[in-house]
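Take a look at the structure set out below.
What follows is calculated from the coordinates using simple rules that are stated; it is not laboratory data. Please read these numbers as outputs of a predicted model, since none were measured by experiment. Cβ atoms come from the backbone with ideal geometry, glycine included; neighbour counts cover every protein chain shown.
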Amino acid sequence: NAGVTQTPKFRVLKTGQSMTLLCAQDMNHEYMYWYRQDPGMGLRLIHYSVGEGTTAKGEVPDGYNVSRLKKQNFLLGLESAAPSQTSVYFCASSPISHRVDTQYFGPGTRLTVL
Amino acid sequence: AQSVSQHNHHVILSEAASLELGCNYSYGGTVNLFWYVQYPGQHLQLLLKYFSGDPLVKGIKGFEAEFIKSKFSFNLRKPSVQWSDTAEYFCAVTVSGGGADGLTFGKGTHLIIQP
């Protein structure tokens, strides 16, 4: 099993450009998450999904959109990138449970917005 | 909403020294607690977790943590650190029995082990 994979690993954007980050997991997990990691801030939840076709906002959702059209994929979109979105983005997944179980993290995408 | 506080942002130790990283959370109900580690250039890996039962939990690589409910704490310990323990350590919490609204992380502790 590859676990959680993220595409791309690195990206540089200009202000106003758009892009989509792809997260894929092969563990048949129901729950998927997108976090951003900034120096001195830890990880903060952007959006999450509890199953195919469902998404919900996390702590810092502004400027991002997500889609979960297939169970194994969770896409994070930036419609108009801003320098404040320069960050490292981590995707995670966890199996369905009556309470949140261990989350498995991907390797991250380092995004720079100029 | 819950929050997590990690007391030390940077810790420098010599090899073989003992380690204790502080973590406190704020939430009035039942929580699940985690410690994750991020080695340089790598993604987050789970060190250990507490859901219920014995408040002293043992994780990988000789790490352990103790949940003290009365102090809202979940401190990470290791009796003798190694150079390879140099990493960023994150404490995290999620609400037990709640929805899948993700983990709430502390800001992290950057640990440097000097040979």
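Listed values, structure above:
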| quantity | calculated |
| --- | --- |
| Residue in the range A:3-62 that is farthest from the other protein chains (Cβ to nearest Cβ), counting only those that are basic (Lys, Arg) and farther than 17 Å from residue A:79 by Cα | A:9 |
| Near pairs, Cβ below 7 angstrom, 6+ apart or cross-chain, from the range A:83-94 (facing chain B (nearest Cβ under 10 Å) and over 19 Å from residue A:29 (Cα atoms)) to any residue that is acidic (Asp, Glu) and assigned to a strand (DSSP E or B) | none |
| Positions within the range B:52-63 being more than 20 Å from residue B:5 (Cβ to Cβ) and either of a type in the set (A, V, I, L, M) or surrounded by 12 or more Cβ atoms within 10 Å (Cβ to Cβ) (or both), in sequence order | B:56, B:59, B:60, B:61, B:62 |
| Residue in the range B:36-44 that is within 17 Å of residue A:40 (Cα to Cα), aromatic (Phe, Trp, Tyr) and assigned to a strand (DSSP E or B) present | yes |
| Residue B:43 being within 11 Å of chain A (Cβ to nearest Cβ), without any contact (Cβ under 8 Å) to a residue 12 or more places away in the chain and touching a strand residue (DSSP E or B) at 6+ places or on another chain (Cβ under 6 Å) | yes |
| Subset tally (residues that are within 10 Å of the chain's Cα centre (by Cα), farther than 12 Å from residue A:111 by Cα and among the aliphatic types (A, V, I, L, M)) for the range A:1-23 | 1 |
| Residue check for residue A:111: more than 14 Å from chain B (Cβ to nearest Cβ), touching a helix residue (DSSP H, G or I) at 6+ places or on another chain (Cβ under 8 Å) and at negative phi | yes |
| Criterion violated by residue A:80 - all others in (1) over 24 Å from residue B:91 (Cα atoms); (2) of a type outside the set (Asp, Glu); (3) touching a strand residue (DSSP E or B) at 6+ places or on another chain (Cβ under 9 Å) satisfied | (3) |
